[in-house]
1. Among the numbered criteria (1) surrounded by 13 or more Cβ atoms within 10 Å (Cβ to Cβ); (2) within 20 Å of the chain's Cα centre (by Cα), which single criterion is violated by LEU95?
2. Between a first residue in region 67-90 that is free of Cβ contacts under 8 Å to residues at least 12 places away in the same chain and loosely packed, with under 14 Cβ neighbours inside 10 Å and a second residue that is charged (D, E, K, R) and not in a helix (DSSP H, G or I), which pairs have beta carbons less than 7 Å apart while being 6 or more apart in sequence or on different chains?
3. How many residues, within region 107-130, are loosely packed, with under 15 Cβ neighbours inside 10 Å and within 14 Å of LEU95 (Cα to Cα)?
Amino acid sequence: MRCSPSTSRAAIACSAACLALLGCAGSLEHPERFAYLGQGPDAGPPGPPSDGGCDPVTDIFPLSCTTSACHSAQSQQGSLDLESPGLPKRLVDKLAHGGPGYIIDSKNPGQSVLLLKVTDNPPFQFQMPLGAPPLSSDEMACLQAWVQAALQ
């Protein structure tokens, strides 16, 4: 027995509608718990960046630090996550992994491991970003301003 094309289309549409209704989970009781999804990483308090437009969370980290198996929320090489919300505050006075110093040093910002690791003579052997060109002078200035702003 053969069905006409219009009968077949109606059956497919009815089946699709039933599947869609069965797959609906209903309403979310606490949508505020998921408000952060779809937003970019949290760079700290809202407002214009201190250097006139650069934000390392959006301009430097995604391209240079959180790619492949480096400092993303999933991989966290050296126990450093530069992707999850809460930056930069959660890095202030956090001990660096693999050597002495703080990722962002509140008492001596110029000695912050985050800044020193991108210089020509970094602590713990390797200059960051590893396997990529060094940060430009503008990117370094952006990172320095961001660290200073984190301590305000």
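1. (1)
2. Note: pairs meeting the criteria are ALA73/ASP81; ALA73/GLU83.
3. Number of matching residues: 3.
Laboratory data are not the source of any read-out in this text; all were calculated from the coordinates shown. Not measured: the values here are computed from a predicted model. Reconstructed Cβ throughout: ideal geometry from the backbone, glycine too, with neighbour counts over all protein chains shown.
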